[in-house]
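Reviewing the structure listed below.
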Amino acid sequence: MLQNLILDIDAGTIDWSRAQFALTAIYHWLFVPLTLGLALIMGIVETRYYRTRDPFWKQAAKFWQKLFGVNFAMGVATGIILEFEFGTNWSNYSWFVGDIFGAPLAVEGIVAFFMESTFVAVMFFGWKKVSAGFHLASTWLTGLGATISAWWILVANAWMQYPVGCEFNPDTMRNEMVSFAEVALSPFAIDKFFHTVISSWIIGAIFCVAVCCWYLMKNRDTKLATESMKIGAWVGVIAALLAGATGHKSAQSVGEVQPMKLAAMEALYNGGTDVGLTAVAWVNPLCQPDYETDGEAPLKIEMPYALSFMATNDIHGYVPGINDILNGYTKPDGTVEPSADEKIARGKQAIAALAAYRKAKAEGAAEATLAPHLSILKENMKYFGYGYVRDKADLVPYIPVNFWAFRIMVGFGCIFILYFLMLLLLVYDVPFLSVTTRRLLATFGILPETESDVAGKLTGLPAWHYWLAIALVPLAYVASECGWLVAEFRRQPWTIQDMLPTWAAVSDLQSSSVAITFILFLLLFTTMLAVEISILLKQIAKGPEYTEEVIVNSEK
């Protein structure tokens, strides 16, 4: 029975299961964002070919599609393993909410996966078999299929963080879907989807620019490099700005439905109105702060009113801190949020009422006898998951990871915006710059001294330009992984927010078995990553395969 699960689960099994799922998700996310980002790049490049019918753009499209294909295959392999882990390592979770969680994953497999797998074949092998228009449509539909796949996976993830469109059935002991539309169109899912996909475009743009800079540094394939760099610069600057906007919207959603997430991200112990956003502070990365006695992090520098605005769109908005959430607080609309102790007590009442109901029903009790138990269960079902919590300290996520991961993500995001803006200045003539400004930028090697030197002379830039672009590739992945750490670490201890904690969701396995598979997966995924990087580097070093027509045109 669900009400007795936590008494029998080995703590080692919980830790190893979490570690294995985190390992798989981290490796999977190394492949997915590049897939989504390159899908946009290769779609734009082939669109240029369709509009101009210039053979150069056809070869450029084939080159970027080749890199996309290598990464796409690796992402599929890790994604399949990730979904299987729900059944092997998290069977209690799958059994409890499988009717809901399985629906978007089934749609993803039936619609999105088959869509992208169908059109990816046309994209790679249909250049001489279908019309240019149909091939262009296939390329965009391949990217659209990957994006739709991300949509349904993120719908499933968002439901875990904001469970809507469901009701608990005490007879089947399962949460059952009552509204597919509420699950599929959850505002939490929409915010998460746009922020995640747009951040993936940043990685695609940075990867594109880095490849181009490598060619420029080697003084080869310069036309491919300069033309593709223009596309990468525009995609990057637009995506970086949109990522900031969608991140703000996501923060509002988190502030509404997961206030502990926001408080942990900011190491905010005591909330209130007119709350500032912490720019820097000393949060020990190796130690969980004492949430009851620490008022705020030392050496704190903040931006006044910024957190209130980020969470509520009002500079005077109320933002609860960790202590407020644990001790209970009153929302601006007058609603009283119970303390953690009260939620735990009410959760235990719900679990006890469920046990009493099932026992009475098994004994053939009349409806009048069952009704009081159902009434208590319904009244306290909102706090059902809290009944498994032994100590309210378990409700506080590990603050150092959340605090620093968020700042790394935002800090790198600001760097990306500045870099792409600088890149636009490099790849285009900029007559609006004054002579003084141009000379200042030229002093630091950012721009040539005259406008006439800009176009077509990117190969003469200082070496640090090229190495900076290449160095931004791993930094982009660090920022992306930090985004997922912020999203997933901050919602601990919940597998499903307020409904099912992590230790009540795992399978009843031996911890040694999970540890062994963890090591095997670590070796497997590391090998797959090394193979992918090796293949990508070889394909980049090989470069595009120009036809004789392209070579003749370039000579002219």
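The values are calculated or read from the model by the stated rules, or taken from the named source; none is laboratory data. For clarity, every value in this text was computed on a predicted model and none was experimentally measured. Cβ: placed from backbone, ideal geometry, glycine included. Neighbour counts: every protein chain shown. The area values use the complete protein model at the heavy-atom level, side chains included, leaving out ligands, DNA and RNA. Shrake-Rupley method; radii C 1.70, N 1.55, O 1.52, S 1.80 Å.
With equal scatterers on the alpha carbons only and no solvent term, can you work out the Debye log10 of I(q)/I(0) for the chain at 0.11 1/Å?
At q = 0.11 Å⁻¹ the computed log10 ratios are -1.07.
Using a Förster radius of 51 Å, what is the FRET efficiency between GLU167 and ALA530 based on their Cβ-Cβ separation? Nearest 0.05, please.
Here the calculated transfer efficiency is 0.60.
Given H placed on each backbone N at 1.01 Å, which residues far from GLU337 in sequence or on other chains put an amide H within less than 5 Å of it?
TYR329, THR330, LYS331
How would you classify the stretch 285-377 from its alpha-carbon gyration tensor, with a ≥ b ≥ c the square roots of the eigenvalues: rounded for a/c under 1.5, else prolate if a/b is greater than b/c, otherwise oblate?
It is prolate, given that a/c is not under 1.5 and a/b is the larger ratio.
Report the FRET efficiency, 1/(1 + (r/R0)^6), for LYS361 and ALA471, where r is their Cβ-Cβ distance and R0 is 41 Å, rounded to 0.05.
Given R0 = 41 Å and the Cβ-Cβ separation, E is 0.05.
Please give the length that would be gained between ALA368 and LEU537 if that part of the chain were fully extended, namely 0.36 nm times their separation in residues minus their C-alpha to C-alpha distance (nm, one decimal).
So the chain would gain 53.7 nm between ALA368 and LEU537.
Please calculate the 1.4 Å probe accessible area of ARG358, with all protein chains present, and give it to the nearest 10 Å².
Accessible area of ARG358: about 60 Å².
Compute the accessible area per residue over the stretch 164-235, keeping the other protein chains in place, probe 1.4 Å, unit Å².
Heavy-atom SASA per residue in the stretch 164-235 reads 36 Å².
Counting only residues 5 or more places away or on other chains, whose amide H sits under 5 Å from the amide H of THR278 once H atoms are built in the peptide plane?
Here the answer is MET303, since their amide H atoms fall under 5 Å of that of THR278.
Hey, could you get me the Stokes-Einstein D for the stretch 491-546, Kirkwood radius over alpha-carbon pairs, 4 °C and 1.567 mPa s, rounded to whole µm² s⁻¹?
Translational D for this selection: 86 µm²/s.
Between the stretch 356-420 and the stretch 141-195, what is the C-alpha centre distance in whole Å?
Taking the Cα centre of each part, the stretch 356-420 and the stretch 141-195 sit 17 Å apart.
Work out, in µm²/s and without decimals, the Stokes-Einstein translational diffusion coefficient of the stretch 360-413 at 20 °C, 1.002 mPa s, Rh from Kirkwood over C-alpha pairs.
This corresponds to a translational diffusion coefficient of 140 µm²/s.
So what is the calculated 222 nm ellipticity per residue for the chain, using -39500 (n - 2.57) for each DSSP H run with n of 4 or more, over all residues, to the nearest 500 deg cm²/dmol?
-23000 deg cm²/dmol
Report the percentage of all Cα-Cα pairs in the stretch 97-192 whose separation exceeds 19 Å, rounded to a whole percent.
Summing the P(r) tail past 19 Å for the stretch 97-192 gives 50 percent.
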